[in-house]
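Below: the structure, in structure tokens.
No lab work stands behind these numbers, since they all come straight from the coordinates. From a predicted model like this one, the values you see are computed outputs, not experimental measurements. Heads up, the Cβs are rebuilt from the backbone with ideal geometry, glycines too, and the neighbour counts pull from every protein chain shown.
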Amino acid sequence: MIANLYSFFPLKKQDLIKGVLGVFCCWVLTACQTTTVPLEFAPDGNIVQQAITLQLNQRLTPLSQQLKTEKPQLDISNINVQKIDPVTIANLPSYHLIGTYNLKLILPRQKVKQSDNKFDVYLQRQAEGKTWRLLSKDNKISNQESTWKSYLIIDN
């Protein structure tokens, strides 16, 4: 049968072997590329706490300005990540985290404690791997593709 192939395709045996090896190498290289984000690089508790704080401050700042009051200090504790979904957003590894936390709002005249508050955040490690960003979907744009806003998480 191989002799029939040689008569049909006037190739040298060496060229055929090179072609098969080339296709095999391309297949191996493609198979080695992974599109899944490794959980080993998921954000640590400090980054999650800072992301929750940033998200809360984004909500509290306009409210405090509207009420013309001082923005409360936040004390976040007992973060419990219940689910981590690795995702790729804008070709960068990202993580969708869902869980709960306890919050203490420190107001000028009182302290308010809340338990088991839910959080739902998207965190993205930047290309250089040194910084993290909080992502939020931009609901103002109505086309079908997801558009994301990105906020730098400053490591304290």
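Under the classification rounded if a/c is under 1.5, otherwise prolate if a/b is larger than b/c and oblate if not, where does the range 71-111 fall, given a ≥ b ≥ c as square roots of the Cα gyration tensor eigenvalues? It comes out oblate by the Cα gyration axes. A full extension of the chain between Ile106 and Leu67 corresponds to an added length of 12.4 nm, given 0.36 nm per residue minus the alpha carbon distance.
Within the set of other residues whose C-beta is less than 9 Å from the C-beta of Thr100, count the net charge using Lys and Arg as +1 and Asp and Glu as -1. Its environment carries a net charge of 0.
Loop-located trypsin sites (Lys or Arg not before Pro) across the range 57-156 with a Cβ neighbour count of 11 or fewer within 10 Å are Lys68, Arg109, Lys130, Lys140, with loop assigned by DSSP.
Modelled spin-label separation between Ser136 and Leu92, with each label point placed 7 Å from Cα along the Cα-to-Cβ direction: 1.7 nm. Of the Cα atoms belonging to the range 43-153, the radius of gyration and Dmax stand at 15.3, 47 Å.
Assuming R0 = 25 Å, what is the FRET efficiency of Trp148 and Gln114, from their Cβ-Cβ distance, to the nearest 0.05?
For R0 = 25 Å, the calculated efficiency reads 0.35.
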